[in-house]
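Following: one structure in structure tokens, then a few remarks.
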Amino acid sequence: MNAYLSNVIERVNRDHATEPEFCQTVEEVFSSLEPVIEQHPEYEKADLLNRMVEPERMFTFRVVWTDDQGAVHTNTGYRVQFNGSIGPYKGGLRFQRNVNPSIIKFLGFEQCFKNSLTSLPIGGGKGGSDFDPAGKSEAEIMRFCQSYMQALYRYIGPDVDVPAGDMGVGGREIGYLFGEYRRLKGCFENGVLTGKDLSFGGSLIRPEATGYGAVYYLQCVLAHEGEDIAGKTIACSGFGNVTWGICKKARELGAKVLTLSGPDGYIYDPDGVTSSDEKVEYLRVMRASGHDRVKDYADKFGVDYYPGKKPWGVKADFIMPSAVQNDVDREQAKRIAQNHIKYYIEVANMPTTNDALAYLMGQPDMIVAPSKAVNAGGVSVSCLEMSQNSEHIFWSEEEVDQRLHEIMVKIYNSSVEASERYGLGYNLVAGANIAGFERIARAMMAQGIF
Ligand code: GLU
């Protein structure tokens, strides 16, 4: 490997040994960049790679809230403003028990390349808290969000940093966060957050966007193989907003989603989660219940439930891990390959361990699509929401959906083009990393050394 590149990866692994997820994503992205760094010696001269792995800014803050019994709790809040060279920092907030600096940094780093790949003017950021929303009352969630925003509001803004949702943060939390921002600032700056309700500047299709975008991207991959999505089967993990969007679009296009999963195990529905609107909408019911378990689906619809297991041994046309990071390890990757599955479509951020990813990409008949391209529809529609807010306009469902579709096709095409241009053939993973990198590199080079 190129000496500069391997030195940077080695240094990151050494200096950030306490941040395993962050090291993992740096290695994954940078190992695609060899031909680019070889052809552009000016990048090494400007030490571009070391500059890219260092966030422009990252901070933690105290979030104190009182529960319904009057007990006081203290959580850690995070925001990383990773790279602002192509636009205001943009990325979601994750409220989950296991949130730590490594997870926030890995998500922020990925977000930079994802957002760049969309071709829209958004930089990379991410944030969250180790607050666990499970089992909390509505009033507790509201007080937590208000306290979180009291600490964050000075450091964000429509042209500065625009947070949104991620795991544990949906429309309800965005509403409370925005309410507090508006109260503190004394003005209606709704471009400061995306994923808002339609009544105060949200965009149509935003809740569906990540799932719809994933299916649109999959359709591009299938078109390349001369195949169609109708009649095909999908093994998904997760049951959150993203999986719901996939199910909704898959149902519309005649594909069948066979599995869902949660922290408790997975369910297998032979008729398909996609066989009725009631089933698809039940994902939202499960999410709203706060139980955080998928077993409720099996109880409700009388299908098989496999406690403590993941759905990766299931035979399906497409594997779409849509839950959490590192959902598929090397052993599970082997089972996927043994089932002769041709399409491995990552959806969640970094759902595959690096060695599982290398293993899958090494299978001669397998096509691997990377999450930073596949799930970029969510943040893309967030950017469309920002445009609507700044222009004080409201686009129809068809208009947003059409733009989302165009963006996904563009993401796919630019990945294929970048991969081919560097002589890597049809490599969607490397292509996405290179295309995302190129735009940030160009902006950073143009803006001077800092
Ligand atoms: N959390 C989502 C992501 O990972 C959405 C971010 C956004 O809409 O800003 O891209």
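The numbers here are math on the coordinates, done by the rules we state, and not lab data. Note that the coordinates shown come from a computational prediction; the quantities given were computed from them, not determined experimentally. Cβ coordinates were reconstructed from backbone atoms using ideal geometry, including for glycine residues, and neighbour counts include every protein chain displayed.
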The stretch 347-403: Kirkwood hydrodynamic radius (Cα pairs, Å) comes out at 13.8 Å
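Looking only at Cα atoms, what is the convex hull volume of the stretch 146-188 per residue, in Å³?
Details: hull volume 3.1 nm³, N = 43.
Taking the convex hull of the Cα positions in the stretch 146-188, it is 73 Å³ per residue.
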For Val257, residues with placed amide H under 5 Å, excluding near neighbours: Ile234, Val273, Thr274
Could you give the radius of gyration (one decimal) and Dmax (whole number) of the Cα atoms in the stretch 280-340, in Å? 13.5, 37
Order by protection proxy (mean Cβ within 10 Å, highest first), peptides 39-52, 173-186, 373-386: 373-386, 173-186, 39-52
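Relative contact order (percent) for the stretch 1-65, with alpha-carbon contacts under 8 angstrom and 6 or more residues of separation? Don't jump to the answer; show the numbers that get you there.
Working: 26 pairs, mean separation 22.5, N = 65.
Across the stretch 1-65, relative contact order equals 35 percent.
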Among 130-136, 143-149, 199-205, 442-448, how do they line up from the highest to the lowest mean number of other beta-carbon atoms within 10 Å? 143-149, 199-205, 130-136, 442-448
Mean-position separation - Cα centroids, the stretch 182-218 and the stretch 305-375, in angstrom: 29 Å
Pairs Lys196/Lys310; Lys249/Lys410; Lys196/Lys232: which exceed 26 Å Cα-Cα? Lys196/Lys310; Lys196/Lys232
For the stretch 196-267, what does the alpha-carbon gyration tensor say about shape, rounded, prolate or oblate, given a ≥ b ≥ c as the root eigenvalues, a/c under 1.5 as rounded, and a/b over b/c as prolate? oblate
Please list 3J(HN,Hα) in residue order for the stretch 320-331, calculated via the Karplus relation 6.51 cos²θ - 1.76 cosθ + 1.60 where θ = phi - 60°; whole Hz, with x for glycine and proline. 10, x, 10, 10, 10, 5, 6, 7, 10, 9, 4, 4
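Direction-averaged shadow area of the convex hull around the Cα atoms of the stretch 114-153, nm²? If you can, show how the numbers build up before the last one.
Working: hull surface 16.9 nm².
Value for the stretch 114-153: 4.2 nm².
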Identify the residues of the stretch 75-98 with backbone N under 13 Å of a label point that sits 7 angstrom from the Cα of Arg442 along the Cα-to-Cβ direction, or state none. 86
With the Cα gyration tensor of the stretch 78-218 giving a ≥ b ≥ c as the square roots of its eigenvalues, does the rule (a/c under 1.5 for rounded; else a/b larger than b/c for prolate; else oblate) give rounded, prolate or oblate? rounded
Quick one: compute the contact order of the chain, relative version, from alpha carbon pairs under 8 angstrom and 6+ residues apart, as a percent. 15 percent
Using the Cα gyration tensor of the stretch 165-205, with a ≥ b ≥ c the square roots of its eigenvalues, what is the shape: rounded (a/c below 1.5), prolate (a/b larger than b/c) or oblate (neither)? oblate
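Give me Rg/Rg_expected for the chain, where Rg uses Cα atoms only and Rg_expected = 2.2 N^0.38 Å with N residues.
Details: Rg = 20.9 Å, N = 450, 2.2 N^0.38 = 22.4 Å.
So the Cα radius of gyration is 0.93 times the expected 2.2 N^0.38 Å.
Provide Rg over Rh for the stretch 406-450; use the alpha carbon set for both Rg and the Kirkwood Rh (inverse mean inverse pair distance).
Details: Rg = 11.9 Å, Rh = 11.0 Å.
Value, to two decimals: 1.08.
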Quick one: the Cα spread of the stretch 1-64 along its three principal axes, in angstroms, biggest first? 51, 21, 17
